[in-house]
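The values are calculated or read from the model by the stated rules, or taken from the named source; none is laboratory data. Values in this document were obtained by computation on a predicted structure and should not be read as measured data. Positions of Cβ are generated from backbone atoms using ideal geometry, with glycine treated the same way; all protein chains shown enter the neighbour counts. For the accessible areas, the whole protein counts, side chains as well, though only heavy atoms, and no ligand, DNA or RNA atoms are used. Shrake-Rupley method; radii C 1.70, N 1.55, O 1.52, S 1.80 Å.
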Amino acid sequence: MQRVLIGTAAILLAAGSGVVIEVAAKASHPVAGAVPAYLKPVLMDAAPPATGPITIDVPINGTIYPPDLIPPQFAWRDDNPAANLWHIEIIFGDKARPIQVWSDGEKMQMGPIDETLTGYVPPTLTPEQAADHTWRPDLKTWEEIKKHSVSQPAKVVITGFANKQTAEPLSRAEAVISTSKDPVGAPIFYRDVPLIPPDPDTEQRGVIKPLPDSVLPKIKWQLRYVNQTESKVMMTNLPTCGNCHSFSRDGKTMGIDVDGPANDKGLYALIPIKKTSTISNDYLLRWSSFSEEHSQKRFGFMSQVSPDGKYVVNSIDVPHAHGTRVLDRLYNGFYDNYGFGQVFYPTRGVLAWYSRETGKLQPLPGADDPNFVQTSAFWSLDGKYLIYSRAAARDPYPAGNKRSTYANDPNETQIQYDLYKIPFNDGKGGTPERVVGASENGMSNNFPKVSPDGKWIVFVECKNGLLMRPDSKLYIVPFEGGEARPLESNLPLMNSWHTFNPNGHWLAFSSKSPSLYTHLYLTHIDDHGHASPPVVVENATAANRAVNIPEFVNLGPEGLDHIDTPAIDFYREFDAAQQLQDAHKYADAVPAWKVAADKDPTDARPWNNMGVALAASGKTTEAITAYEKSLAVNDDSSQAHNNLGSALAEAGRLDEAMVQIQKAISLDPDNGAAHINLGHLLEVTGHRDEAIQQLTQGIQIAPKNADGHNIYGVILAREGKMDEAIAELQQAVKLSPNSAECHYNLGRAYAATSHFTEALPQFEAAAKLTGNREPAILQMLAAMYSETGNYHQAVIIAQQALELAEQQKNADLATALRGNLDRYQHQADNASGTGRTQN
């Protein structure tokens with residue numbers, strides 16, 4: 001839209017240089033903000049009552065260690081300030097000689113930080129961790145501890161002293177530990193991710209987008225043997241959010257989403273595992289290629305490889321439900337809190353299975369009822385059964401739905417899944433059976449993993465949705481159903497992403513205790529289904545990163561060195577273009593987006609992002625063409641419709657712009673930028689009441705959108721509500737300090753209320769940001785110099801403005817400036833008393 005000057009007799013305000021454009025991604029700068037109490041970092045499990053003022057935090061009483069674990073760090077707090085030295089004694093039940101050491105109790109330190117990241121919330125120690133003293137046994141000592149704590153537990157006794165010469169102890173505590181005879185053995189393959197929420201302007205209903213596009217290459221896929229001190233990077237530097245990996249039971253086949261859930265193509269790799277594995281085009285599947293004619297592009301959800309590697313099960317849209325979009329079957333919410341920045345769960349869908357032999361994807365009979373959502377299926381280790389989540393199907397965004405703003409907000413669409421079991425029967429399916437104990441309990445039961453011996457199901461229970469919820473707890477229930485019990489290893493905040501090792505006695509899982517930066521833990525599962533206290537897998541990632549989707553892989557030592565990714569060439573081109581765009585190098589970004597578009601003609605995003613670059617370069621007509629090409633590939637993009645509407649408005653085609661922006665809102669009612677754009681258009685076309693309604697709704701959805709506050713402030717000023725207008729315009733300047741228009745409009749509002757001293761720096765900023773080349777801004781700046789008594793400067797600036805107006809052949813402005821200049825010259829003459837200043 002051309003610059004719109006909105007004015008009354010009292011004030012003339014620029015209402016924005018066009019409608020808000022949504023970009024694919026840009027740098028995000030999250031802040032901790034107001035955090036619900038249950039999201040705050042918490043202490044882990046309370047230690048047993050101590051005999052003195054010492055509290056042992058690690059190990060937790062009753063901890064069972066793997067025999068192949070590296071030496072762990074012990075940690076304790078001593079409330080006696082006189083204690084400066086600690087005696088640590090390990091007493092063995094097998095009568096072996098006790099181990100006795102002295103420790104200075106070095107204070108706990110924050111782990112290494114990934115300095116390559118920006119925009120993250122700095123991690124901190126909890127108060128308990130900050131008070132902790134630590135000791136780590138050397139390798140020889142740790143081997144002795146493990147050797148003599150297998151048949152019988154060992155007792156760890158920590159005693160505080162003032163110094164070695166003091167005979168009288170000041171504090172004391174003890175904890176019992178033991179070592180399992182069951183090794184962990186297999187390594188853990190996991191995703192190591194930053195926690196940086198994407199820019200709110202890039203959020204869309206139906207699109208799972210946990211990170212800005214520019215941060216995606218920072219994701220690492222790592223492999224960790226617990227007998228090693230560090231993990232080994234398998235993949236990284238991919239401009240895509242690969243996720244939901246799984247492995248066959250023999251560790252010879254891996255399946256993984258390789259284009260990220262934000263992409264509706266459902267690109268999936270099914271690759272053989274070798275020492276050097278390769279994700280090449282030969283091993284790629286496109287779930288979208290199985291879509292029916294005239295239907296929406298299909299994407300798979302929570303795909304899982306069968307134990308024998310022959311099949312993949314996932315959740316797809318209901319067959320023959322033409323027109324069912326992803327946003328019609330998937331609820332997702334975006335939150336400011338970095339620890340729980342997004343929630344997603346399906347509300348419609350059926351199970352489908354893919355055969356590597358036939359190359360076909362088809363629904364599984366018995367789990368294909370459109371009246372239910374059937375999702376997140378996992379195999380029994382013999383491949384005979386699938387355990388999955390089921391609930392009554394519903395709309396993800398019912399009429400009147402209010403936008404949720406934090407995890408477990410009551411405004412989230414409510415869904416409680418029950419676990420069901422169904423025979424696979426070579427793809428013939430069967431009759432689903434409810435898993436007693438993991439269903440009809442008023443909670444949401446999900447993410448079921450079957451133990452290798454087929455005896456147990458460990459699943460997540462939470463109030464609503466699935467997986468990474470603040471209240472997620474791990475429960476265990478017999479495979480045949482029965483009483484479900486919470487695992488004793490549960491930590492206070494989020495327990496999820498669990499996986500059994502091949503021998504079935506160790507469970508790895510992720511938790512956000514004690515920090516929102518997710519940690520990786522191990523717990524031992526005995527023959528009766530009881531879990532030991534959690535043992536952290538140290539140094540799994542940096543302190544400002546998180547671990548998720550851990551999966552044991554049945555590999556021997558040195559079984560996997562790294563994974564090459566030649567099939568991701570498109571995303572490398574995408575990332576290169578995105579980096580140019582983020583740096584505002586639009587002239588270079590346009591051809592880079594064309595390269596990405598040619599690499600994959602089925603992906604709509606390069607054309608949309610090319611349109612953004614063209615619009616930013618002032619090439620509105622070309623931008624319109626690019627947006628139209630994007631929508632020809634994917635007509636369900638709310639962002640692209642909004643961007644097209646913006647460009648059409650810029651070209652003066654307001655009726656067409658209105659249609660596109662209204663379409664954007666119909667696709668995603670939570671698109672705050674589209675509401676703001678619609679409000680702007682309604683104001684321009686004379687529908688102020690409706691404009692205010694759309695603007696306030698857009699600002700409520702996207703409170704950090706500077707354009708919304710700017711335009712709304714303009715309208716309030718027009719209505720004479722100057723105090724409210726100034727408040728909105730102040731917020732616009734705060735959010736967009738480099739916007740000349742926001743500074744200009746705030747300056748006009750101050751000037752209209754005779755706050756000339758406050759107005760002056762706003763016009764100075766606006767002039768500087770436009771390189772002193774905008775005569776209208778310089779006209780106001782000269783006026784403020786005059787109003788504040790700096791007449792000489794008023795003359796200089798007014799003369800500059802006049803020269804620019806004459807160059808631009810703006811006769812009306814030039815005439816006004818000549819009158820202004822005469823007045824300022826007269827004021828300067830009177831102030832100096834030395835006669836007329838020479839120009």
### Query
Taking the condition in contact (Cβ under 8 Å) with a residue 12 or more places away in the chain, open to solvent by less than 40 Å² (accessible area, probe 1.4 Å) and more than 22 Å from Leu267 (Cα to Cα), does His584 pass?
no
### Task
Would you check if Ser666 is among the small types (Gly, Ala, Ser), at negative phi and open to solvent by 40 Å² or more (accessible area, probe 1.4 Å)?
yes
### Task
Working only within segment 133-158, note down all residues that are in contact with a Ser or Thr (Cβ under 7 Å, 6 or more places away or on another chain) and β-branched (Val, Ile, Thr).
Val150
### Message
Return the pair list, or none, for Cβ contacts closer than 9 Å from residues in segment 326-348 that are within 17 Å of Thr405 (Cβ to Cβ) to residues that are assigned to a helix (DSSP H, G or I) and open to solvent by 10 Å² or more (accessible area, probe 1.4 Å), at least 6 apart or on different chains.
### Response
Phe334/Pro200; Asp336/Pro200
### Task
Would you mind finding the one in Asp598, Asp603 that is in contact with a helix residue (DSSP H, G or I) (Cβ under 8 Å, 6 or more places away or on another chain), at pLDDT below 95 and either more than 27 Å from Arg403 (Cβ to Cβ) or in a loop (DSSP other than H, G, I, E, B) (or both)?
Asp603
#### Entry: Hits in segment 129-145 - residues which are among the hydroxyl-bearing types (Ser, Thr, Tyr) and assigned to a helix (DSSP H, G or I)
Thr141
### Query
Given Gly119, Gly105, which one is open to solvent by less than 50 Å² (accessible area, probe 1.4 Å), at positive phi, at pLDDT below 95 and under 42 Å from the mean Cα position of the chain (by Cα)?
Gly119
### Message
Taking the criterion of being open to solvent by 20 Å² or more (accessible area, probe 1.4 Å), within 21 Å of the chain's Cα centre (by Cα) and farther than 28 Å from Asn554 by Cβ, would at least one residue in segment 416-426 satisfy it?
### Response
no
### Query
Which of the residues belonging to segment 418-434 are part of a loop (DSSP other than H, G, I, E, B) and either touching a Phe, Trp or Tyr at 6+ places or on another chain (Cβ under 7 Å) or among the polar types (S, T, N, Q) (or both)?
Phe424, Thr431, Pro432
### Message
Looking at Ala577, Ala540, Ala546, can you tell me which residue is of a type outside the set (S, T, N, Q), in a strand (DSSP E or B) and buried (at least 20 other Cβ atoms within 10 Å of the Cβ)?
### Response
Ala546
## Note on the structure
Just one listed residue, out of Ala438, Ala407, Ala399, is over 16 Å from Gly349 (Cβ atoms) and touching a helix residue (DSSP H, G or I) at 6+ places or on another chain (Cβ under 6 Å), and it is Ala407
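Yes/no matrix, rows are residues, columns are (1) part of a loop (DSSP other than H, G, I, E, B); (2) in contact with an Asp or Glu (Cβ under 8 Å, 6 or more places away or on another chain):
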| site | (1), (2) |
| --- | --- |
| Asn332 | no, no |
| Gly339 | no, no |
| Leu351 | no, yes |
| Thr358 | yes, no |
| Val373 | no, no |
| Ser389 | no, yes |
| Asp395 | yes, yes |
| Ala407 | yes, no |
| Gln416 | yes, no |
### Query
Which residues, counting only those in segment 441-454, are in contact (Cβ under 8 Å) with a residue 40 or more places away in the chain and assigned to a loop (DSSP other than H, G, I, E, B)?
Asn441, Ser451, Pro452, Asp453, Gly454
### Message
Pairs please, first residue from segment 711-727 and under 20 Å from Leu682 (Cα atoms), second anywhere and at pLDDT below 95 and in a loop (DSSP other than H, G, I, E, B), Cβ atoms under 6 Å, 6+ apart in sequence or on different chains.
### Response
Ile711/Ala15; Ile711/Gly16; Val714/Ala15; Ala717/Ile11; Arg718/Thr8
### Query
Does segment 175-188 include one or more residues that are open to solvent by 10 Å² or more (accessible area, probe 1.4 Å), out of contact with any strand residue (DSSP E or B) (no Cβ under 8 Å at 6 or more places or on another chain) and over 30 Å from Asp250 (Cβ atoms)?
no
### Query
Just a yes or no: is a residue in segment 549-557 surrounded by 23 or more Cβ atoms within 10 Å (Cβ to Cβ), out of contact with any strand residue (DSSP E or B) (no Cβ under 7 Å at 6 or more places or on another chain) and of a type in the set (A, V, I, L, M)?
no
### Query
under 21 Å from Ile56 (Cα atoms) and part of a loop (DSSP other than H, G, I, E, B) - does that describe any residue in segment 111-122?
yes
#### Entry: Sole exception among (1) out of contact with any helix residue (DSSP H, G or I) (no Cβ under 9 Å at 6 or more places or on another chain); (2) over 30 Å from Val121 (Cβ atoms) for Ala540, by number
(2)
### Query
What are the residues in segment 487-511 that are in contact with a His (Cβ under 9 Å, 6 or more places away or on another chain) and open to solvent by 10 Å² or more (accessible area, probe 1.4 Å), if any?
Glu488, His505
### Query
Checking Lys629 against (1) over 29 Å from Ser666 (Cα atoms); (2) open to solvent by 50 Å² or more (accessible area, probe 1.4 Å), which single condition isn't satisfied?
(1)
### Subset of segment 222-253 [open to solvent by less than 10 Å² (accessible area, probe 1.4 Å), β-branched (Val, Ile, Thr) and over 19 Å from Ala542 (Cα atoms)]
Thr240
### Query
Of everything in segment 558-574 that's surrounded by fewer than 19 Cβ atoms within 10 Å (Cβ to Cβ) and under 12 Å from Pro239 (Cβ atoms), which residue is modelled with the highest pLDDT?
Arg572
### Query
Say we look at segment 731-773 and pick out the residues that are part of a loop (DSSP other than H, G, I, E, B) and under 39 Å from the mean Cα position of the chain (by Cα); which of these is surrounded by the fewest Cβ atoms within 10 Å (Cβ to Cβ)?
Gly771
### Message
Regarding segment 212-224, can at least one residue be identified that is among the aliphatic types (A, V, I, L, M), under 26 Å from Pro550 (Cβ atoms), assigned to a strand (DSSP E or B) and at pLDDT 95 or above?
### Response
yes
### Query
Regarding Gln100, is this residue among the polar types (S, T, N, Q), touching a strand residue (DSSP E or B) at 6+ places or on another chain (Cβ under 9 Å) and assigned to a strand (DSSP E or B)?
yes
### Task
Count, please, the residues in segment 122-140 that happen to be surrounded by 15 or more Cβ atoms within 10 Å (Cβ to Cβ) and not small (Gly, Ala, Ser).
11
### Task
Collect the residues in segment 633-657 that are in a helix (DSSP H, G or I) and without any contact (Cβ under 8 Å) to a residue 24 or more places away in the chain, keeping them in residue-number order.
Asp655, Glu656
### Query
In segment 593-611, how many are open to solvent by less than 10 Å² (accessible area, probe 1.4 Å), closer than 18 Å to Asn642 by Cα and among the hydrophobic types (A, V, I, L, M, F, W, C)?
0
